[in-house]
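The values are calculated or read from the model by the stated rules, or taken from the named source; none is laboratory data. Quick caveat, the model's predicted, so the values are computed rather than measured. Cβ sites come from the backbone with ideal geometry, for glycine too, and all protein chains shown count toward neighbours. SASA here: full protein model, heavy atoms, side chains in, ligands and nucleic acids out. Shrake-Rupley method; radii C 1.70, N 1.55, O 1.52, S 1.80 Å.
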Amino acid sequence: NDIIFDPNWVPSGQITLAEAVAIATARNREYQSRKESLYNTTLNLTLQRHKYVAQWFGTIDAGYTNNETDEFVDAGGNLGFNQLLADGTQISAGISADWLRYLTGDPDTSLGSVLAANISKPLLRGSTKEVVQENLTQAERNVLYAIRSFSRYRKEFVVSIVNDYLRT
């Protein structure tokens, strides 16, 4: 890991053992494949952890209405979040506003906003913390297994490169 390998480097003459290992780890297809597999496993863990973080959202809406008596443009927005807690409770909250009709001075309407909140807790199936977090726990285990497997493969790979280098 201490050697930074330049992919455009062309060896001239004899290469050192460290250079041989760096070249092998940088250009071996199976080594790179296993390294990417480890990376994909950690991405899955990141996705599982992301489910327990507040997910913010926001929208802006606009509309145009034309009828026999009036023609107007209106706009509104919505802002809120959703979050899954460790015990399975889902919390969501949002606020929305119809603000352009108010800003344009329409006397029949005023600034209208709605605040909505929702809390959902499973009572029977999937109501325990262990059940809710099973996917997260399994993803953490998978990452540990993948790290161990890759570490073992890396040691065996480097030993085989060293053997081949010394044999040569």
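Observations on the model:
- Close contacts from region 58-83, counting a first residue that is in contact (Cβ under 8 Å) with a residue 12 or more places away in the chain and in a strand (DSSP E or B) and a second that is exposed (fewer than 10 other Cβ atoms within 10 Å of the Cβ) and of a type in the set (Phe, Trp, Tyr), with Cβ to Cβ under 7 Å and a gap of 6+ residues or different chains, come to Val73/Tyr64.
- When region 119-144 is limited to residues that are of a type in the set (A, V, I, L, M) and touching a residue at least 40 places away in the same chain (Cβ under 8 Å), the one that is surrounded by the fewest Cβ atoms within 10 Å (Cβ to Cβ) turns out to be Val131.
- The listed residue being touching a Phe, Trp or Tyr at 6+ places or on another chain (Cβ under 8 Å) and either closer than 18 Å to Thr137 by Cα or in a helix (DSSP H, G or I) (or both), out of Arg49, Arg34: Arg34
- Condition met for Gly80 (open to solvent by less than 40 Å² (accessible area, probe 1.4 Å) and at pLDDT below 90): no
- Pair list, Cβ under 7 Å, 6 or more apart: region 40-53 residue farther than 14 Å from Gln133 by Cβ, other residue surrounded by 12 or more Cβ atoms within 10 Å (Cβ to Cβ) and of a type in the set (A, V, I, L, M): Thr41/Val143; Thr41/Ala146; Thr42/Val143; Asn44/Ala139
- Of all residues in region 91-114, exactly one satisfies the criterion of being at pLDDT 85 or above, closer than 13 Å to Leu79 by Cα and open to solvent by 40 Å² or more (accessible area, probe 1.4 Å), namely Ile95.
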